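Engineer: Shown below is the structure under consideration.
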Amino acid sequence: MRIYAHLSWTTFARASLIDEPIAAFLCRFLIEEATRHGARAIEIGVVRDHVHMLMELPAVYDVPRMVQGLKGASARLANRDGHAGHHPLRWESGYDLRSVGVSQLRQVAEYVRNQEARHGGPRPSGRV
């Protein structure tokens, strides 16, 4: 059984905290962290004030635990390892997780992939 979901979250106060080095770090980290939770990142869209992920989730998963890993650990490591520079990366509390049907995958993947065109912002975004 395959379960697909569109996950998104914002920076604290929707501040423009994500620049190109942080975006590159996030793309690498989020793929690894999703895999660690048994999920697969299909698409990632990163812009200056929010992140979108299209994911394939395992049949049994713990959403709060996975999102805590994606958000909490990414900010902690970005700040600790110097990816964030002078402006610490902070996430707003909460997230949006929506199920995606197989027939919607292509449309949602395109939506996530085109975040930079829609909002402007740092690279990289796109197919994982």
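Engineer: Which residues, counting only those in segment 30-50, are open to solvent by less than 20 Å² (accessible area, probe 1.4 Å) and either farther than 17 Å from LEU77 by Cα or not acidic (Asp, Glu) (or both)?
Structural biologist: Pass one, segment 30-50, residues open to solvent by less than 20 Å² (accessible area, probe 1.4 Å): 30, 33-34, 39, 41, 43-47, 50.
Selection gives LEU30, ALA34, ALA39, ALA41, GLU43, ILE44, GLY45, VAL46, VAL47, HIS50.
Engineer: If you scan segment 17-29, which residues turn out to be open to solvent by 80 Å² or more (accessible area, probe 1.4 Å) and touching a residue at least 60 places away in the same chain (Cβ under 8 Å)?
Structural biologist: Within segment 17-29, just GLU20 meets the criteria.
Engineer: What number goes with the only condition from (1) assigned to a helix (DSSP H, G or I); (2) at pLDDT 95 or above; (3) out of contact with any Pro (no Cβ under 7 Å at 6 or more places or on another chain) that LEU7 does not pass?
Structural biologist: (1)
Engineer: Right, LEU97: under 19 Å from GLN68 (Cβ atoms) and modelled with pLDDT of 95 or more or not?
Structural biologist: On the way: under 19 Å from GLN68 (Cβ atoms): yes; modelled with pLDDT of 95 or more: yes.
Here the answer is yes, as LEU97 does meet what is asked.
Engineer: Shifting gears a bit: Can you tell me which residue is nearest to the chain's Cα centre (by Cα) among those in segment 51-89 that are charged (D, E, K, R) and either surrounded by 21 or more Cβ atoms within 10 Å (Cβ to Cβ) or under 25 Å from VAL108 (Cβ atoms) (or both)?
Structural biologist: First pass over segment 51-89, keeping only residues charged (D, E, K, R): 56, 62, 65, 71, 76, 80-81.
Narrowing further to those that are either surrounded by 21 or more Cβ atoms within 10 Å (Cβ to Cβ) or under 25 Å from VAL108 (Cβ atoms) (or both): 56, 62, 65, 71.
Working: GLU56: 13, ASP62: 17, ARG65: 15, LYS71: 8 Å.
Ranking the qualifying residues of segment 51-89, first place goes to LYS71.
Engineer: Restricting attention to segment 100-128, which residues are at pLDDT 95 or above, assigned to a helix (DSSP H, G or I), more than 15 Å from the chain's Cα centre (by Cα) and of a type in the set (A, V, I, L, M)?
Structural biologist: VAL102, LEU105
Engineer: Which of the residues belonging to segment 31-90 are under 19 Å from ARG2 (Cβ atoms) and of a type in the set (S, T, N, Q)?
Structural biologist: Scanning segment 31-90 gives a single hit, THR35.
Engineer: In this structure, does SER99 turn out to be crowded, with 18+ Cβ neighbours inside 10 Å and touching a residue at least 40 places away in the same chain (Cβ under 8 Å)?
Structural biologist: Values: crowded, with 18+ Cβ neighbours inside 10 Å: no; touching a residue at least 40 places away in the same chain (Cβ under 8 Å): yes.
Considered against the rule, which asks whether it is crowded, with 18+ Cβ neighbours inside 10 Å and touching a residue at least 40 places away in the same chain (Cβ under 8 Å), SER99 comes out as no.
The values are calculated or read from the model by the stated rules, or taken from the named source; none is laboratory data. Here the structure is a predicted model, which is why all the values come from computation and not from measurement. When we count neighbours, we look across all protein chains shown, and the Cβ atoms used for this are built from the backbone with ideal geometry, even at glycine. To get the accessible areas, we keep the full protein, side chains included, count just its heavy atoms, and leave off ligands, DNA and RNA. Shrake-Rupley method; radii C 1.70, N 1.55, O 1.52, S 1.80 Å.
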